[in-house]
Amino acid sequence: MLKNRKGFTLVEIMVTITVASILLVIGVPSLVSIYEGVRANSNVDKIHNIVTFSRSQAISYGSTVNICPYGTATSCGTDWGKGIRVYLNSNDVLRVIDSFNSSDKVTGPAKISGNANGAHITFSPEGLSSGGDIIYCPDGKTAQSKSVSITSSGKVSYGDDGKAC
């Protein structure tokens, strides 16, 4: 008489592992792409919000507000990927975005010649701006880039996708 045994055979386990491996090989690259897209959207929203905040603060304070790549607590840097700093003057920091993902590339307006402050965007007390684009490229991929555009009239909007980093 045969007893009914519980469990899996070696063949069943090997087939299950093979099918799971195939699904992982196909699925993981798709998940990475989705993750990069979500990260890009989230960080572009942060950039858009901080630029809009900067313009409103310039109008509210009746003073010039600057946006620049984060350098130190009292100065601007040159790498937008290390974060963004909003300030009234060198000592009055209004808001900061900490550094972005290290594999991502963020570009903004280049250094203005003759300007000691380096690369930055300025909003005047009237809400007018020096203008420029801040482009966010997840993992340095131009095809998936997102941007925020600032016009000289001070309009802040989401820019075109796919801009070069």
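Quick notes on this one:
- Unmet criterion (only one of (1) within 19 Å of the chain's Cα centre (by Cα); (2) touching a residue at least 60 places away in the same chain (Cβ under 8 Å)) for residue 63: (1)
- Selection count where residues are of a type outside the set (Ser, Thr, Tyr) and in a loop (DSSP other than H, G, I, E, B), scope region 1-21: 8
- Unique match (being surrounded by 13 or more Cβ atoms within 10 Å (Cβ to Cβ) and under 30 Å from residue 121 (Cβ atoms)) among 62, 71: 71
- When residue 30 is tested against (1) surrounded by 12 or more Cβ atoms within 10 Å (Cβ to Cβ); (2) out of contact with any helix residue (DSSP H, G or I) (no Cβ under 6 Å at 6 or more places or on another chain); (3) within 23 Å of residue 161 (Cβ to Cβ), exactly one condition is not met: (1).
Every read-out reported here was derived from the displayed coordinates using simple, explicitly stated rules and does not represent laboratory data. Keep in mind it's a predicted model, so treat the numbers as computed, not measured. So basically every Cβ, Gly included, is an ideal-geometry build from the backbone, and we count neighbours across all protein chains shown.
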